[in-house]
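Notes to accompany the following structure.
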Amino acid sequence: MEFRAMDMLFDPGAGRKVEVYELLAGGGCLDEAARARRDAFWRGVVRLREGDAEAALGEFAQASPAEGRDRPLEHFIERAKRAEAAPPDTAGVAVERFEL
């Protein structure tokens, strides 16, 4: 199976972080271009986690598909743009709260 890491969530009740992945394809079914986009997406996520929104946007640009939409990518581009406009003040860690 081919996956890409999407996000890391913190479960305060359990006191642990959980990584969320997206299933992209069956094992070995991604072509070279799709693997390159997946890898660029991951590098962008890592750069965003490190607090480097500009580098994240550069990686996300390389992750854009030639045609069609990639809504998770669009979400991360928006997060990077928000982080670039208002850099995090928590030592490079961007924190977003979600209420269930």
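Bear in mind these aren't lab numbers, they're just calculated from the coordinates by the rules spelled out. Fair warning: this is a prediction, and the values are worked out from it, not measured in the lab. Note: ideal-geometry Cβ built from the backbone for every residue, glycine included; neighbour counts use all protein chains shown.
A few comments on the model shown:
- Residues with amide H under 5 Å from that of MET6, placed H, sequence gap 5 or more: VAL20, TYR21, GLU22
- Note that the stretch 7-14 has calculated 3J(HN,Hα) couplings of 7, 10, 10, 9, 9, x, x, 8 Hz, one per residue in order, obtained from phi through the Karplus relation 6.51 cos²θ - 1.76 cosθ + 1.60 (θ = phi - 60°); glycine and proline are x.
- Label assignment, Cα Rg over 2.2 N^0.38 Å derived from the structure, set (1) 1.13; (2) 1.47; (3) 1.03: (1)
- Angle between the chain longest axis and helix 53-63 axis [Cα atoms, degrees, rounded to 10]: 20 degrees
- Neighbour count of at most 15 Cβ within 10 Å plus DSSP loop: longest trypsin sites (Lys or Arg not before Pro)-free window in the chain: 1-68
- Take the Cα of PHE10, step 7 Å toward its Cβ, do the same at ALA55, and the gap between the two points is 2.2 nm.
- Distance between the modelled labels on ASP31 and SER64, one decimal in nanometres: 2.0 nm (7 Å Cα→Cβ projection).
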